[in-house]
Structure formats: structure tokens, C-alpha cells
Amino acid sequence: MSLEFSAEARQTIEGLSQRYPSKQPVVMAALHLARKEWGELGEPQLRAVAAILDLPYPHVYGVATFYTMFQLAVDGRPATNVVRVCTNISCMLRGAYDILRAVERRVEGDKSFTIVEEECIAACANAPAIVCGTRYFLDVTPEEVVGIIDFLRANPHPESEVV
């Protein structure tokens, strides 16, 4: 299956490509746009990014799998809510692992959620923290997890929201 970016996305990618001497720095933005356009990142979407940037597929795949901000479709389904729980030192010292366990319990069996134990989400002053798409939840307590997950169920935050 071959995918084509919309005219608007092609224009955005072309504009970004003009800023750099090569197209490699545009891969991350193009991956975000692909997720926004097609709702998921799988092999067809990664190949479309490689094609539009005239880059090798393994390079695009490497970027998509290196950064935790990109979640590849699992079993043919996109992850609607990628819940990133920070467990870096500031969050860990303030109970991040209790938050992580509470999130895991709350979404158990719900395939619309993907949980990522994140190294740092740059919210140390308000640890422990969770981020989903562009929505940050700060100073989280285990008791607040139920409300956070219920909010995300009612208001899905796809990863493409960052573009």
C-alpha cells in the first residue's frame, strides 16, 4: 500500500526542507505529520516519509524507533493514548513508580492505551508527572490517576497533536 501526503502536508514538508542543507533534519516533523494525516505510524507511513524526503527507509525507521515520542502501530492498531509516565530522579523520588503502577492497573486490558516509562518529560518542578500528547498532568498522586485516565478516555490525545 502506497500512501501520499496531502497537498498541505507536502507544502509544510517542502517548506521545512528549504531550511536545511539536507532533508534528514525534517524526518521528525514529517513523522509527526504522517501520524496526524493517517492516525498511526506503521510501515506504509514510514515508507511515505522516506519517499517524500528521498531518504532510505532504514533511516526513517531508525528515527521512528529511537525516539519514544513515536509509537509504531501494534497489531495493526494505532495507540490513541500514549501515556508517558516520567520515572526520572525527580519524579521517582516523589512517587513515580506508584503512579506508573496505578496507571497500569487503570488501563489494564484497554488496548486504546499504551504506557511508556519515560526517562524525562521536563516537568521536574512538578514531579511526578504524566504527559499524553501535549497534555501534561503535574504533581500527580495515585488517587488522581483514575480521573486522568477517565479524562483521556473521553478526550483522546493522539501523538500527532504535537504538530
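The values are calculated or read from the model by the stated rules, or taken from the named source; none is laboratory data. Note that the coordinates shown come from a computational prediction; the quantities given were computed from them, not determined experimentally. Glycine also receives a Cβ, built like all others from the backbone with ideal geometry; neighbour counts cover every protein chain displayed.
Can you tell me how many residues within region 133-163 are at pLDDT 90 or above and within 17 Å of residue 117 (Cα to Cα)?
Summing the residues that are at pLDDT 90 or above and within 17 Å of residue 117 (Cα to Cα) in region 133-163 gives 10.
What pairs come out if I take residues in region 133-150 that are on the phi > 0 side of the Ramachandran plot and pair them with residues that are surrounded by 13 or more Cβ atoms within 10 Å (Cβ to Cβ) and part of a helix (DSSP H, G or I) whose C-beta lies under 7 Å away, six or more apart or interchain?
133/159; 133/161; 133/162; 139/126
Scan the helices (runs of 4 or more DSSP H) fully inside region 1-114 and keep the ones with 2 or more residues being out of contact with any strand residue (DSSP E or B) (no Cβ under 6 Å at 6 or more places or on another chain) and touching a residue at least 40 places away in the same chain (Cβ under 8 Å).
Answer list for region 1-114: 7-17, 27-38, 43-53, 96-107.
Which condition breaks for residue 129 when tested against (1) more than 15 Å from residue 90 (Cβ to Cβ); (2) touching a Phe, Trp or Tyr at 6+ places or on another chain (Cβ under 7 Å)?
(1)
If we scan region 114-126, do we find a residue that is within 15 Å of residue 97 (Cβ to Cβ) and in contact with a Gly (Cβ under 7 Å, 6 or more places away or on another chain)?
No; the residues of region 114-126 include none that is within 15 Å of residue 97 (Cβ to Cβ) and in contact with a Gly (Cβ under 7 Å, 6 or more places away or on another chain).
Residue check: is residue 74 within 25 Å of residue 151 (Cα to Cα) and either at pLDDT below 95 or touching a helix residue (DSSP H, G or I) at 6+ places or on another chain (Cβ under 6 Å) (or both)?
yes
Taking the condition of being more than 15 Å from residue 156 (Cα to Cα) and out of contact with any Cys (no Cβ under 9 Å at 6 or more places or on another chain), how many residues in region 101-137 meet it?
Summing the residues that are more than 15 Å from residue 156 (Cα to Cα) and out of contact with any Cys (no Cβ under 9 Å at 6 or more places or on another chain) in region 101-137 gives 11.
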